[in-house]
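The values are calculated or read from the model by the stated rules, or taken from the named source; none is laboratory data. What you are looking at is a predicted structure, and each value in this text was computed from that prediction instead of being measured. A quick note on method: Cβ atoms are made from the backbone with ideal geometry, for glycine too, and the neighbour counts reach across all protein chains shown.
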Amino acid sequence: MITKVKETISKYKMLSQEDHVLVALSGGPDSVCLLRILSLLKDELEIGITALYIDHGLRPCETPFEMDFCKKFCDSLGIPLIIKSIDVVSFAQSKKISKQEAARELRYKVFYETAYEGGADKIALGHNADDQAETVLIRLIRGAGPLGLSGIPPVRQKIIRPLIEIERTEIEAFLDSNGTSFVMDSSNLTDRYTRNRIRHLIMPEIKKINPEAVKSILRTAEIYRSEEKYFDIIVAKSMMKMISRKNEQSIELFIAPMEILDPVILRRILRRAINETKGLRGITFVHIEDIIQLIRTGKSGDRLYLPGKIRVIKKYSVLVISSEDPKILSHYTIESPGEIYLRESSITFYTKLLDIGEIDSFGDGKTTAYINADKLDFPLLVRPRQNGDYFYPLGFGKKKKLQDYFVDEKIPRDERDAIPLLVNNGDVVWVAGHRIDERYRVDKTTRKVLQCNIKY
């Protein structure tokens, strides 16, 4: 058993000399086995060890006993123990996610924070081979692709899993042979959770068909991991040629190369792009296929709205994937004709007062508009839409709610709050970039005209 763990550590280059390892300890058989083995290898591997127990606040009747057990166990090994608490229920409610998701997210946050505080180089978790097999089956049932079927990575950043190739029966036999006790989390006994149903009901049946099923599934996961590493290289090289612009929340990819890419590579590029802007939580195969459809058949301006407030927009030459909050225009005052810059919309707004005789055309009403200045009272206001806004679109002949106008004109909802409205005494005079108000059009009685231009 100890030899197998050493081989796993060596195979995946999990540890280096003088590493300090933070070991997650729950008191269960896996984490107890992990801490016990690492303590036995401590001098040979030349590592330091600290244990961490996290109180999730979910089992108040069991936690004190677990905590006391972990303290005594660590004392017997001469290993310091850190105890921290997290509020899973409140976090789950605030994020509107399940308690299981909330517990995992908070747990990993505490792992990294504690490692940073204590100067730990690695964080060791007790996932074993059966956990790996169960994870692969769960993901297969949910329709995962090759990346999902590669299972739990043995090493990811600071996280290491020295027991990932050790089966649960081996762990239990090791603890029994050493007379090492452990505690059992009652939540592991219920079949209410998907993983427990897989563990208690499905895996035993699979092992009747193939007693070596866990090893077979692990081998499959390892094949997928090695293939994913190969694809990662191809994807990275392909992406480098496609990125037009990028920041932490948005990425622009040139469309032309993607239109001819094989879907196998394109799917991976899109997943990586989404992951780098927001993360893949909630993103499924169907969402990726929808993006490919948008790339190949969509028109410029078409867009998709994905989970996590991710927007995918097809423009003339680039595909924009963004998790940035939609821009909301501030309020600007025009005291007199001149120039102002609307920073939220990246628009320069020009106004110029002219005599009617200086006008030889009336613009397109979109980027250039001519307003009857005889009806204007400075200062004018440039602002975003507000509830209840309406205007009389030129040529429409009657009053129209601005919301209805935006819907009819198919203006994307995430762009509406960034559209400048020129307002006079509460009247929407011009929906910049779109149309002026009939009441403020230039007519035969007009003497003064306000020329308005916007430049993106």
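Laid out as a table, the results:
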| read-out | value |
| --- | --- |
| Some residue of segment 71-94 being exposed (fewer than 15 other Cβ atoms within 10 Å of the Cβ), at positive phi and modelled with pLDDT of 95 or more | yes |
| Among the residues listed as ALA273, ALA221, ALA236, ALA256, the single one being of a type in the set (A, V, I, L, M) and under 25 Å from GLN132 (Cβ atoms) | ALA221 |
| Search result, residues across segment 75-96 that are among the hydrophobic types (A, V, I, L, M, F, W, C) and either in contact with a Pro (Cβ under 7 Å, 6 or more places away or on another chain) or closer than 30 Å to GLY308 by Cβ (or both) | ILE86, VAL88, VAL89, PHE91, ALA92 |
| Among the candidates ALA102, ALA115, ALA120, residue that is buried (at least 16 other Cβ atoms within 10 Å of the Cβ), at pLDDT below 95 and either in contact with a Phe, Trp or Tyr (Cβ under 8 Å, 6 or more places away or on another chain) or closer than 24 Å to ILE49 by Cβ (or both) | ALA102 |
| In segment 6-29, the residues that are over 13 Å from THR50 (Cα atoms) and under 30 Å from the mean Cα position of the chain (by Cα) | TYR12, LYS13, MET14, LEU15, SER26 |
| Lone unmet requirement of (1) in contact (Cβ under 8 Å) with a residue 24 or more places away in the chain; (2) basic (Lys, Arg); (3) within 24 Å of PRO326 (Cα to Cα) for ARG441 | (3) |
| Which listed residue, of ILE419, ILE371, ILE356, is of a type in the set (Val, Ile, Thr), more than 30 Å from ILE310 (Cβ to Cβ) and out of contact with any Leu (no Cβ under 6 Å at 6 or more places or on another chain) | ILE356 |
| Some residue of segment 217-225 being in contact with a strand residue (DSSP E or B) (Cβ under 7 Å, 6 or more places away or on another chain) and buried (at least 16 other Cβ atoms within 10 Å of the Cβ) | no |
| Within segment 40-69, tally of residues that are more than 35 Å from the chain's Cα centre (by Cα) and closer than 16 Å to SER181 by Cα | 3 |
| Counted residues, segment 385-427 - those being under 21 Å from SER345 (Cβ atoms) and either under 38 Å from the mean Cα position of the chain (by Cα) or among the basic types (Lys, Arg) (or both) | 23 |
| Where GLY126 falls short, out of the listed (1) in contact with a Ser or Thr (Cβ under 9 Å, 6 or more places away or on another chain); (2) in a helix (DSSP H, G or I); (3) of a type in the set (Gly, Ala, Ser) | (2) |
| Qualifying position, being assigned to a strand (DSSP E or B), surrounded by 17 or more Cβ atoms within 10 Å (Cβ to Cβ) and aliphatic (A, V, I, L, M), among ILE321, ILE274 | ILE321 |
| Enumeration of residues in segment 277-294 that are hydroxyl-bearing (Ser, Thr, Tyr) and either assigned to a helix (DSSP H, G or I) or more than 15 Å from the chain's Cα centre (by Cα) (or both) | THR277 |
| Any hit, segment 185-205, residues being within 34 Å of the chain's Cα centre (by Cα), under 20 Å from ALA124 (Cβ atoms) and small (Gly, Ala, Ser) | no |
| Number of positions in segment 246-267 that are within 11 Å of ILE292 (Cα to Cα) and of a type outside the set (A, V, I, L, M, F, W, C) | 4 |
| Entirely in segment 190-251, the helices (runs of 4 or more DSSP H) that have 3 or more residues that are among the charged types (D, E, K, R) and under 16 Å from GLY151 (Cα atoms) | 213-242 |
| Flag for GLU113 being closer than 30 Å to HIS287 by Cβ, of a type in the set (Asp, Glu), over 19 Å from the mean Cα position of the chain (by Cα) and not in a strand (DSSP E or B) | no |
| Matching residues, segment 163-189, being part of a helix (DSSP H, G or I) and modelled with pLDDT under 90 | SER186, SER187, ASN188 |
